[in-house]
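The values are calculated or read from the model by the stated rules, or taken from the named source; none is laboratory data. The structure presented is a predicted model; accordingly, all values stated were derived computationally and were not measured. Quick reminder, even Gly has a Cβ in these numbers, built from the backbone with ideal geometry, and neighbours come from all protein chains shown.
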Amino acid sequence: MLTDQRRSMEPDYLQPRLLDIEMNESIFSGFERVLLKLSGEALSGSNGWGVDDSTALRFAQEIADARQKLGIEIAIVIGAGNFWRGTQHPEMDRANADYAGMLATVMNGLALQDRLEKLGQKTRVMTAIETNKVAEPYIRRRATRHMQKGRVVILAGGTGNPYFTTDTAAVLRATELEADAVLMAKNGVDGVYDSDPKTNPNATRFSYLSHKDIIEKDLKVMDSTAATMAGDNDMKIVVYDGGRIGGLNEILLYPQRGTIIM
């Protein structure tokens, strides 16, 4: 049993995790390397736009703890919805709109890197489009080596191609980097439901789904290209509430508390 003195040394959001361990709840994740899919909106907090400093710092703290305390190798694919969504500019050439979104993901990547490194967590931003003044080009083996050395790798620029979402980029990079799972952080929703739990109090959360279910049930957790790619490559996806304090560390230890897609 953990003493009260040891509990007090842990950050507040880790204490529920430690209490669960005391209760001997089974831990079966076995994750060694994961790819975190983090939306741009997640960084905006309650502002709805831009990067909220306290929210970004909270995410950075959880990521640093997962790397330093749990020893899990982490890559992050980051979105840009807090700055730009190409689909919201239908009057603009689609390719140009998507490239603008890729550049916005670099802004988010640099912001998150800054918070992580202020916490003492070494981090590298790698991009699928050339931004060599501020980030490294994405090279698969180099990204793998960074993680092996204990660095968090932030993967910006999507796939580097228009017409593909960051969901697809997340599954692609997770497959390339041989991650154990893609962790999809949602804001205020702790998994995949049969209807919107924010408007339907009787919505039912799925514990497990297949990749085919995502397409056949038309569940809006990711786009069909990402779901198909994940299914073709047997990539496990865990959907969890990234807005919940301590959500990342909890789902790494107890993936059954979200929705597991496999």
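Scanning the range 73-102 for residues being of a type in the set (A, V, I, L, M) and surrounded by fewer than 20 Cβ atoms within 10 Å (Cβ to Cβ) gives a total of 4. Here residue 175 passes the criteria (1) over 26 Å from residue 234 (Cβ atoms); (2) among the polar types (S, T, N, Q); (3) not in a loop (DSSP other than H, G, I, E, B) except the one numbered (1).
Inside the range 49-68, residues that are part of a loop (DSSP other than H, G, I, E, B) and touching a residue at least 12 places away in the same chain (Cβ under 8 Å) make up a count of 3.
Taken over the range 226-236, the criterion of being over 21 Å from residue 43 (Cβ atoms) and of a type in the set (A, V, I, L, M) is satisfied by 227, 229, 230, 235. Can you list residue pairs whose Cβ atoms sit under 9 Å apart, with the first residue in the range 117-136 being within 18 Å of residue 67 (Cβ to Cβ) and without any contact (Cβ under 8 Å) to a residue 40 or more places away in the chain and the second being in a loop (DSSP other than H, G, I, E, B) and of a type in the set (A, V, I, L, M)? Count only pairs 6 or more apart in sequence or on different chains. Close Cβ pairs satisfying both conditions: 124/135; 125/134; 125/135; 126/135; 126/139.
So that you can scan it fast, the table gives a plain yes or no per residue for (1) closer than 20 Å to residue 63 by Cβ; (2) outside any helix (DSSP H, G or I); (3) touching an Asp or Glu at 6+ places or on another chain (Cβ under 7 Å):
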{"site": "92", "(1), (2), (3)": "no, yes, no"}
{"site": "98", "(1), (2), (3)": "no, no, no"}
{"site": "101", "(1), (2), (3)": "no, no, no"}
{"site": "108", "(1), (2), (3)": "yes, no, no"}
{"site": "126", "(1), (2), (3)": "yes, yes, yes"}
{"site": "131", "(1), (2), (3)": "no, yes, no"}
{"site": "146", "(1), (2), (3)": "yes, no, no"}
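Screening residue 67 against (1) surrounded by fewer than 17 Cβ atoms within 10 Å (Cβ to Cβ); (2) over 16 Å from residue 39 (Cβ atoms); (3) not aromatic (Phe, Trp, Tyr) leaves a single unmet condition, (1).
With respect to residue 115, determine if the residue is in contact with a helix residue (DSSP H, G or I) (Cβ under 6 Å, 6 or more places away or on another chain), buried (at least 20 other Cβ atoms within 10 Å of the Cβ) and of a type in the set (D, E, K, R). For residue 115, the condition - in contact with a helix residue (DSSP H, G or I) (Cβ under 6 Å, 6 or more places away or on another chain), buried (at least 20 other Cβ atoms within 10 Å of the Cβ) and of a type in the set (D, E, K, R) - is met. Exactly one residue among 19, 36 is at pLDDT below 90 and over 15 Å from residue 245 (Cα atoms), and that residue is 19.
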